[in-house]
Structure formats: C-alpha cells, structure tokens
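The values are calculated or read from the model by the stated rules, or taken from the named source; none is laboratory data. From a predicted model like this one, the values you see are computed outputs, not experimental measurements. Here the Cβ is made from the backbone with ideal geometry for all residues, glycine too, and neighbour counts use every protein chain on show.
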Amino acid sequence: MAAVFRQVRAMYDDETVAVYQAYPPEIADPALAAGTFVEPFGMGRMTWIKPSFLWMAYRSGWGTKPGQTRVLRVRLTRAGFEWALAHGALSYYEAGFHESEDAWRKAMESAPVRIQWDPEQTIKLTPTPEVRSIQIGLSGEAVRRYVGEWISGLEDVTAEMQRIRDLAQVSPEAAEAELPPERPYPVNDELAAQIAASRGAHPAG
C-alpha cells in the first residue's frame, strides 16, 4: 500500500489565504453583502473550511447539492489561518500518532479546531487515496475569531466552479489549467507534527 501524503495546499499571497465554503442563498447573500458571515449563519455550530477548490467541488457537487448551491471563496488573514492550524486536533484516532485513544479524545475535546485529512479529488471528482486534502473544522472561539477577525473578503465563485465543471467534460487538461493556483502552504516542523502533515516534497513533484 502506498504511503499517504498529507500537505496543506492553498491559494495564498503574502497576507491572505483562500478557503471555500458552500451555503444556500439565504446565508450566502447576507454574508456577501456584509463582507463576513452574519445571521442566519450559525455561530454555535462547527463550520468546516476547505483550502482545496476540487474538494469543495466534490463536497458540493460542483455547487448543485441542496443547501450548497452558492460556493464562496473566503479570504482569511494568514495569521488567522495559522492560528486555526495551531489550535487544531485530529478529528479521528490514529494509532502510532496518538499515545492512546484516551489522549486523542482529550485533545480533541479541548481543541476549538478539528483537523481532518480526506482524499484529494481529481478534475473528474474521483478520489486519490494516497494524497490527502486538509479540512479544518472551527467551533467556539475559532468560529468567533473567523467571523469577527480573520475574514478579509468573500467572493461568490459558483459560476467559476461550474464553468470548470463544464470544461472538464470537454477537456480535463484545459479544465485543470483553469483551477485556482494552489501550492504548498509553509508550516514549520512543530505545526506539521501537530496536525499530522507530511514533510518533504509531494511524491508527484
């Protein structure tokens, strides 16, 4: 069995990093108008942010699933994104990584952020089990910081996502060229160890 490769990849610049969420219009429209999430967005619920455009496409069915028809690109401060990673705990027990199931459970219950690694998707939305994409679940303090401090802008990218979907039916190569330019996000050794990220270069180059 091939080793699983976990790398934080995202579209980012010197100040911000892009993540994705999908919502119904009644949440997306007020958020776009306000520049951050407002009612009826649920502050008391865990909210999952995804740096991978293709994983968001998979999760939302290219922005067609009920309740996920508006795909938003959320620009966060890099400081906020890194705070989330630094305060995260894996959402599942992993033998060899955690000292014990009890240690994992205690870490998860006390952390305001959940880290989950799921198979990355291809342009045809088929999983690549050997390469994992990070999903970041925010709760409690993390949600409050996300909404109140970290968000620097929101953009509706539903049309962009569906244009890429349609192009992929004709030319997967052309569709891949239109994807947002995601690249490895720099995390230090300590943080990589905390979130169970792989070190070194991607095996595919």
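Brief remarks follow.
The rows are residues; the columns are (1) touching a Leu at 6+ places or on another chain (Cβ under 9 Å); (2) part of a loop (DSSP other than H, G, I, E, B); (3) surrounded by fewer than 22 Cβ atoms within 10 Å (Cβ to Cβ).
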| site | (1), (2), (3) |
| --- | --- |
| Val19 | yes, no, no |
| Pro30 | no, no, yes |
| Ala33 | no, no, yes |
| Thr36 | yes, yes, yes |
| Phe41 | no, yes, yes |
| Arg45 | no, yes, yes |
| Trp48 | yes, no, yes |
| Tyr58 | yes, no, yes |
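- Within this structure, Leu85 passes the test of being touching a residue at least 12 places away in the same chain (Cβ under 8 Å), over 21 Å from Gln162 (Cα atoms) and in contact with a helix residue (DSSP H, G or I) (Cβ under 8 Å, 6 or more places away or on another chain).
- In the range 153-178, residue farthest from Asp29 (Cα to Cα) [restricted to those that are loosely packed, with under 15 Cβ neighbours inside 10 Å and in contact (Cβ under 8 Å) with a residue 60 or more places away in the chain]: Gly153
- Of the residues screened, Val113 is one that is among the hydrophobic types (A, V, I, L, M, F, W, C) and over 17 Å from Trp55 (Cβ atoms).
- Counting only residues that are under 27 Å from Pro129 (Cβ atoms), within 13 Å of the chain's Cα centre (by Cα) and of a type outside the set (Ser, Thr, Tyr), the range 25-82 holds 13 of them.
- Taken over the range 180-194, the criterion of being assigned to a loop (DSSP other than H, G, I, E, B), out of contact with any helix residue (DSSP H, G or I) (no Cβ under 6 Å at 6 or more places or on another chain) and touching a residue at least 24 places away in the same chain (Cβ under 8 Å) is satisfied by Pro181, Glu182, Tyr185, Val187.
For every residue, the table says whether it meets (1) more than 16 Å from Leu85 (Cα to Cα); (2) assigned to a helix (DSSP H, G or I).
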position: Asp102; (1), (2): yes, yes
position: Val131; (1), (2): yes, no
position: Gln135; (1), (2): no, no
position: Glu155; (1), (2): yes, no
position: Ala159; (1), (2): yes, yes
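- Selected residue (criterion: farthest from the chain's Cα centre (by Cα)) from residues of the range 157-205 that are modelled with pLDDT of 95 or more and among the basic types (Lys, Arg): Arg163
- Test for Trp104: is it without any contact (Cβ under 8 Å) to a residue 60 or more places away in the chain, crowded, with 19+ Cβ neighbours inside 10 Å and either farther than 21 Å from Met161 by Cβ or out of contact with any Ser or Thr (no Cβ under 6 Å at 6 or more places or on another chain) (or both): yes
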